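Enquirer: Starting off with a structure, shown below.
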Amino acid sequence: MIPVPVVVTVLGGWCAVYLADTLLKSSNSLKASYEDWLLTYGLSVSPFHLRWQTALFNRQFYSWGRWKPKFLYLWFSVGMVFGIVAMFGSVILLGKTLLQTLTQMLTEAPKAQNDRMLQVVVSVLSSSLSLRTVPGVNLPISQLTYFFSAILISGVIHEVGHGVAAIREQVRFNGFGIFIFIVYPGAFVDLFTTHLQLISPVQQLRIFCAGVWHNFVLGVAGFVVLFLLPAILFPFYYTGVGALVTEVAEDSPANGPRGLFVGDLVTNLQDCPVYNVEDWNSCLGDISEKSQVGYCVSAATLQQLSFPARVYRRLDGTVECCSNNSLTDICFSYSNKLDSHLYACLPARKVIEASKVCRTNMDCHKDFVPSFCVTPSLENQTRLIRVKHPPHIDMLYVGHPMHLQYTVSLSSFVPRQNFLSIDLPVVIETFCKYLISLSGALAVINAVPCFALDGQWILNSFLEATLSSLIVEKHNRELVGFLILLAGSALLAANVALGLWMVTAR
């Protein structure tokens with residue numbers, strides 16, 4: 001949930017700004033000078049909305065818009081085709097997402113988050129693909145800097161696309177601006193409307209599609225950087241040797257004197273090798289889905305280490321045989337030729353160290369030494385996991401594998417020199433992932449034929465360019481466009497509403 005102090009701070013801050021704005025505008029002595037100050041600096045204030053517009057960058061925009069005209073013509077023509085395809089594609093994606101959400105609401109076992117084909121983040125610009133990502137609700141507070149930075153950069157690149165395309169099509173450019181709505185940042189460009197109305201529908205399409213096109217290109221650029229990051233950082237960091245621990249949560253079961261520490265290099269989970277973070281996540285997923293592995297213990301060692309203990313069943317049907325509340329002993333189950341349900345309370349570390357991993361007694365037959373495959377008798381979904389992080393002693397973790405995944409942060413990049421930061425590759429990776437997600441989402445969502453989004457103007461220009469010969473009357477074409485926009489707006493609104501419900505009500 002969103003922390004109460006954050007809500008109070010945001011609401012209180014906006015109330016203070018709006019109250020000060022109202023008082024200054026109602027003051028006979030200060031109204032004129034205050035309004036002149038706002039006009040001079042291009043500022044405007046309204047409830048939960050602060051806007052700044054400037055002409056400082058106009059010269060730069062005109063320089064970009066007049067650079068290599070033939071290249072820009074080809075560039076924005078490709079963007080026009082992409083924008084039209086994205087407009088139709090976004091409707092299909094939102095339709096499938098709505099069906100998936102309704103299906104998930106009606107089923108008792110909802111699909112995992114990663115199974116979502118499309119996700120939409122609720123923001124003032126509808127600039128994200130995840131309806132199930134809301135800052136402070138299921139987006140970690142520590143990730144807000146990445147989130148808002150990616151939104152702002154995506155919005156700026158989006159509007160730069162519109163501005164440069166407009167100048168390329170001889171439309172007057174009045175200025176560029178940035179706004180904040182509640183806590184969401186965004187950008188905008190001010191174009192001369194009369195010029196927009198005078199140019200051809202195809203020219204309008206190049207301008208209106210330029211925003212989503214630039215966001216798509218930005219997302220692709222972020223993906224390329226993310227893909228090439230090992231090569232880019234190769235002089236400073238090496239990869240493929242393990243997963244480097246960058247953070248261990250204080251409440252993590254991996255925290256402790258024999259746990260994991262920042263700077264440790266994890267190389268194995270059980271018998272599953274770990275060469276990077278993806279291997280770590282994959283190994284934990286396999287351990288969670290499969291049954292608990294056992295360990296080969298000779299009959300002599302088993303007799304020496306075990307001691308009598310009372311056996312009883314837990315509420316979930318599993319068996320516990322260690323009743324001394326020891327932090328080092330675990331109940332193990334095994335079978336011999338006579339009895340298939342034997343239990344022994346054994347010191348976990350002595351059993352596991354230098355032991356071979358097994359599934360059955362057949363895996364332990366070696367040198368004709370009688371051995372048994374002893375398996376930890378733990379509660380459902382709980383696992384005993386051996387984590388190797390040399391040169392330190394192995395960590396023995398007892399708990400749900402996902403708890404280990406959520407409370408330990410790792411990186412695939414290991415510094416070549418001690419003075420290099422272990423967090424830098426993580427920062428770059430995380431930011432690229434947010435940029436890919438949010439910029440790509442801004443491209444898709446703004447292409448939706450919906451009121452107040454780029455899709456509205458893309459649709460209107462597309463209908464003018466394609467239906468003017470089929471539907472001669474302009475008001476009939478406008479009626480067709482209005483009906484399509486109404487349906488697109490309803491589709492997007494339904495996705496947003498159900499997405500918010502999934503976040504807050506479940």
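The values are calculated or read from the model by the stated rules, or taken from the named source; none is laboratory data. This is a predicted model, so every value here is computed, not measured. Neighbour counts run over all protein chains shown; Cβ positions are idealised from the backbone, glycine included. In case anyone asks, the SASA skips ligands and DNA or RNA and just uses the protein heavy atoms, side chains included. Shrake-Rupley method; radii C 1.70, N 1.55, O 1.52, S 1.80 Å.
Enquirer: Under 23 Å Cα-Cα from residue 96, which lysines qualify once same-chain neighbours fewer than 8 residues away are excluded?
Expert: 111
Enquirer: Can you tell me the dipole magnitude for the chain around its Cα centre, using point charges on the Cβ only (Lys, Arg +1; Asp, Glu -1), in Debye to the nearest 20?
Expert: So the dipole magnitude of the chain works out to roughly 560 debye.
Enquirer: How long is the gain from residue 228 to residue 85 if the chain were fully straight, where each residue apart is worth 0.36 nm and the alpha carbon distance is subtracted?
Expert: Details: separation 143, 0.36 × 143 = 51.48 nm, distance 2.85 nm.
Length difference between fully extended and current span is 48.6 nm.
Enquirer: Would you mind computing, in nm to one decimal, how far apart the modelled labels at residue 78 and residue 427 are, each placed 7 Å from Cα along Cα→Cβ?
Expert: 3.3
Enquirer: Shifting gears a bit: Which value, to two decimals, describes the C-alpha radius of gyration of segment 268-420 once divided by 2.2 N^0.38 Å?
Expert: 1.14
Enquirer: May I pose another question? Using only Cα atoms, find the angle between the long axis of helix 201-232 and the longest principal axis of the chain, and express it within 0 to 90 degrees, rounded to the nearest 10.
Expert: Compared with the principal axis, the helix lies near 30 degrees.
Enquirer: Something else about it: Project the alpha carbons of segment 1-98 onto their principal axes and report the range along each, largest first, in whole Å.
Expert: 55, 43, 20
Enquirer: I'd like the distance between the alpha-carbon centres of segment 205-221 and segment 334-411, rounded to an integer number of Å.
Expert: Using only Cα atoms to place each centre, the spacing works out to 53 Å.
Enquirer: To continue, here is another question. Any idea how far the Cα center of segment 71-86 sits from the one of segment 297-325, in Å?
Expert: Each part's Cα centre sits 69 Å from the other's.
Enquirer: What does the charge add up to near residue 262, with Lys and Arg as +1, Asp and Glu as -1, over the other residues with Cβ less than 15 Å from its Cβ?
Expert: Result for the local shell: -4.
Enquirer: Would you tell me the accessible area of residue 429, worked out with a 1.4 angstrom probe on the heavy atoms of the protein chains, in Å² to the nearest 10?
Expert: Looks like 40 Å² after rounding.
Enquirer: A follow-up question, please. Are there cysteines in the chain with no second cysteine's Cβ under 4.7 Å away, and if so, which?
Expert: Lacking a cysteine Cβ partner under 4.7 Å: 15, 209, 432, 450.
Enquirer: Follow-up. Given the Cα-Cα distance of residue 314 and residue 43 and 0.36 nm per residue of separation, how much length would full extension add, in nm?
Expert: Value of the extension gain: 91.0 nm.
Enquirer: What is the log10 of I(q)/I(0) for segment 293-377, computed with the Debye formula using one identical point scatterer on each Cα and no solvent, at q = 0.20, 0.22, 0.23 Å⁻¹?
Expert: -0.89, -1.07, -1.16
Enquirer: Kindly express, to the nearest 10 degrees and within the range 0 to 90, the angle between helix 69-106's C-alpha long axis and the longest C-alpha principal axis of the chain.
Expert: For 69-106 against the chain, the angle is about 50 degrees.
Enquirer: Okay, next question. Between residue 70 and residue 31, what is the label-point separation in nm under the 7 Å Cα-to-beta-carbon projection?
Expert: Each label point is offset 7 Å from its Cα along the Cβ direction, giving 6.0 nm.
Enquirer: Ok, one more. Could you report the accessible area of residue 239 in Å², rounded to 10, computed with a 1.4 Å probe on the protein chains as they sit in the structure?
Expert: Spelled out: residue 239, probe radius 1.4 Å, area about 60 Å².
Enquirer: Given a Förster radius of 41 Å and the C-beta distance between residue 145 and residue 275 as r, what FRET efficiency does 1/(1 + (r/R0)^6) yield to the nearest 0.05? Show your work: numbers first, answer last.
Expert: Values: r = 29 Å, r/R0 = 0.72.
Efficiency computed from Cβ-Cβ geometry: 0.90.
Enquirer: Hey, if we sort 80, 87, 105 by accessible area with the 1.4 Å probe, largest down, what's the order? Before the final figure, lay out each step's value.
Expert: Values: 80 35, 87 5, 105 65 Å².
From most exposed to least exposed: 105, 80, 87.
Enquirer: State the volume of the convex hull built on the alpha-carbon positions of segment 38-77, expressed per residue in Å³ and rounded to an integer.
Expert: Each residue corresponds to 87 Å³ of Cα convex hull volume.
Enquirer: Kirkwood hydrodynamic radius of the chain from all distinct Cα pairs, in Å?
Expert: 27.5
Enquirer: If you don't mind, there's one more thing I want to ask. Quick check: Cα centre of segment 21-65 to Cα centre of segment 462-496, how many Å?
Expert: 35
Enquirer: Do me a favour and compute the ellipsoid semi-axes for segment 418-492 from its Cα gyration tensor, root of five times each eigenvalue, largest one first, whole Å.
Expert: 44, 12, 6
Enquirer: Suppose each label sits 7 Å from its Cα in the direction of the beta carbon; what would the residue 10-residue 350 distance come out to in nanometres?
Expert: Spacing of the two 7 Å Cα→Cβ label points: 5.6 nm.
Enquirer: Would you mind estimating how fast segment 4-47 diffuses translationally, via Stokes-Einstein at 4 °C and 1.567 mPa s with the Kirkwood radius over Cα pairs, in µm²/s? Kindly include the intermediate steps, with their values, before the conclusion.
Expert: Numbers: Rh = 11.4 Å.
Estimated via Stokes-Einstein, D reaches 113 µm²/s.
Enquirer: Compute the relative contact order of the chain as a whole-number percentage, counting only Cα pairs closer than 8 Å that sit 6 or more residues apart in sequence.
Expert: 20
Enquirer: Please compute the net charge surrounding residue 330, taking Lys and Arg as +1 and Asp and Glu as -1 over other residues with Cβ under 13 Å from its Cβ.
Expert: Details: positive: 349, 350, 383, 386; negative: 320, 329, 379.
Net charge around residue 330: +1.
Enquirer: What net charge do the residues around residue 274 carry, taking every other residue with its C-beta under 15 Å from that of residue 274, with Lys and Arg at +1 and Asp and Glu at -1?
Expert: The answer is -4.
Enquirer: Here is a follow-up. Rounded to the nearest 10 degrees, what's the angle between the helix 454-467 long axis and the longest principal axis of the chain, both from Cα atoms, 0 to 90?
Expert: 60
Enquirer: Let's test the formula: R0 of 51 Å, r as the Cβ-Cβ distance of residue 194 and residue 96. What FRET efficiency results, to the nearest 0.05? Kindly include the intermediate steps, with their values, before the conclusion.
Expert: Numbers: r = 40 Å, r/R0 = 0.79.
FRET efficiency, residue 194 to residue 96: 0.80.
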